[in-house]
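So the structure is just underneath, and the comments pick up after that.
The values are calculated or read from the model by the stated rules, or taken from the named source; none is laboratory data. Nothing here was measured: the structure is a model prediction, and the numbers come from that model. Positions of Cβ are generated from backbone atoms using ideal geometry, with glycine treated the same way; all protein chains shown enter the neighbour counts. Calculation scope for accessible area: heavy atoms of the full protein, side chains included, ligands and nucleic acids excluded. Shrake-Rupley method; radii C 1.70, N 1.55, O 1.52, S 1.80 Å.
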Amino acid sequence: MEKLREAADDYVLDQLGGADLPMVAAHALARGVDSPALRELAGLSRTDVREAADLLKQAMSELGHPLCEPAAVRWRRARDLARAVLGGEVAPDRAAGQIAYLLVDADERVPCGIRQDLGMRCELLSVAWEDEPAHRDAIAAAIKAAARDLLASAPDT
């Protein structure tokens, strides 16, 4: 289910096209995820883009995971990255760049002050990582502090 949810989030963020949705559905069915709309989606051709979008929305609702708004997806992914950097699963420089991308480009429904502060902070830390290799330990600590602040301020989505 997690791979399907991730693909649905990619679709919401325009990182996955409607033409790819039938194959995503077929892979989900092969992994044991099932719903009537998902079966119907898997049977579409790549040219049925409009119908595919409608069926994805219906399938995700049937599976108890309705499609989220882009801002909610961005916050969830930014929080996941923050947890991963704090848990040592993602390198600080990689996390900072990705968090900056997610928050700086976030939908206007995200509180502007939070978005600008955390997004720009992560962007500046990402640049500093590249420009100041001698200070990477301090920069990594600052990235982790930004991740903690993100987790403390991000709205529940």
Within segment 15-29, can one find any residue that is of a type in the set (Gly, Ala, Ser) and under 17 Å from the mean Cα position of the chain (by Cα)? yes
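Quick check on Ala152: is it in a helix (DSSP H, G or I), among the small types (Gly, Ala, Ser) and at pLDDT 95 or above? So that I can check it myself, show each step before the final result.
Details: in a helix (DSSP H, G or I): yes; among the small types (Gly, Ala, Ser): yes; at pLDDT 95 or above: no.
No; evaluated as a whole, the condition is false for this residue.
Looking only at segment 3-42, which residues are acidic (Asp, Glu) and more than 23 Å from Leu103 (Cβ to Cβ)?
Step one: list which residues in segment 3-42 are acidic (Asp, Glu), which gives 6, 9-10, 14, 20, 34, 40.
Scanning segment 3-42 gives Asp20, Asp34, Glu40.
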State the number of residues belonging to segment 55-67 that are open to solvent by 40 Å² or more (accessible area, probe 1.4 Å) and either modelled with pLDDT under 95 or out of contact with any Ser or Thr (no Cβ under 7 Å at 6 or more places or on another chain) (or both). 7
Just for segment 70-94: of the residues that are out of contact with any Leu (no Cβ under 9 Å at 6 or more places or on another chain) and at pLDDT 90 or above, which one is most open to solvent (accessible area, probe 1.4 Å)? Glu89
Determine whether segment 46-54 contains at least one residue that is assigned by the TED database to the domain that holds Ala142 and either more than 20 Å from the chain's Cα centre (by Cα) or part of a loop (DSSP other than H, G, I, E, B) (or both). no
Given the residues Val12, Val33, Val24, Val49, which is the only one that is under 30 Å from Ala145 (Cα atoms) and either of a type in the set (Val, Ile, Thr) or in contact with a strand residue (DSSP E or B) (Cβ under 8 Å, 6 or more places away or on another chain) (or both)? Val12
